[in-house]
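First comes the structure, then the notes that go with it.
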Amino acid sequence: MIDWEALWAPYTVEDYQSVLDQIEPWDVVLDIGAGDLRLAVRLARIAKKVGAIERNPQIIAQSDRACRPKNLSVICADALTYPFPNDVTVGVLLMRHCTHFKEVAARLALAGCHRLITNARWGMDVEAIDLRSGVSYDPDRAGWYACACGSIGFTPGDPQLIDQQVLESKLEVIDCPKCRT
């Protein structure tokens, strides 16, 4: 049997730092797919409160209970069915292989969460998503887009109008072409 957790979960110090740099002392964080709690413990050193959701009890058991800060709550549950608390301000989803981005983002937004810090949408670098933003997809706007459904893409356009700025920016959208299929 393949140990998917060991294969996909390890992140670099830079990945973790990218998340930590975006956390404020007043934040209430929900770390989804928290694994062995490496990041959750670090988040709890900064944030007001951290909830860590992990569905695999063996992975949670690998963490040192004595090292858990008092403001860290560990929840052994499936994030797709567990009711998210309504005081969460930031969701964290470090899971390059996540196939449920749309559901997680929607559940966080429904719970009143403002931001999602993740690498699940692009499958690489960490990004912060404002869960309260997004404009309707415009097929006439050339450039990169990232949709609330988790899809990403590039809308082609007049090559003369595509410059470096267009190539380096992305627009948060809703209702992209994949949403319509």
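Quick notes
- The listed residues are Thr89, Thr81, and the only one of them that is closer than 28 Å to Cys149 by Cβ, at pLDDT 95 or above, touching a strand residue (DSSP E or B) at 6+ places or on another chain (Cβ under 6 Å) and of a type in the set (Ser, Thr, Tyr) turns out to be Thr89.
Rundown of residues vs (1) open to solvent by 30 Å² or more (accessible area, probe 1.4 Å); (2) closer than 14 Å to Ile32 by Cα; (3) assigned to a strand (DSSP E or B), yes/no style:
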{"residue": "Val50", "(1), (2), (3)": "no, yes, yes"}
{"residue": "Ser63", "(1), (2), (3)": "no, no, no"}
{"residue": "Pro83", "(1), (2), (3)": "yes, yes, no"}
{"residue": "Gly91", "(1), (2), (3)": "no, yes, yes"}
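- Residue, farthest from the chain's Cα centre (by Cα), within the range 93-122, restricted to residues that are open to solvent by 30 Å² or more (accessible area, probe 1.4 Å) and small (Gly, Ala, Ser): Gly112
- Scanning the range 19-78 for residues that are β-branched (Val, Ile, Thr) and free of Cβ contacts under 8 Å to residues at least 60 places away in the same chain yields Val41, Ile46, Val50, Ile53, Ile59, Ile60, Val74, Ile75.
- Residues within the range 131-181 that are in a strand (DSSP E or B), of a type outside the set (A, V, I, L, M), without any contact (Cβ under 8 Å) to a residue 40 or more places away in the chain and within 23 Å of Cys98 (Cα to Cα), tallied: 6
The values are calculated or read from the model by the stated rules, or taken from the named source; none is laboratory data. Since the structure is predicted, the reported quantities are computational estimates derived from the model, not experimental observations. Virtual Cβ from ideal backbone geometry, glycine too; neighbours counted across all protein chains shown. Each accessible area value is taken on the protein alone, full model and side chains, heavy atoms only, with ligands, DNA and RNA left out. Shrake-Rupley method; radii C 1.70, N 1.55, O 1.52, S 1.80 Å.
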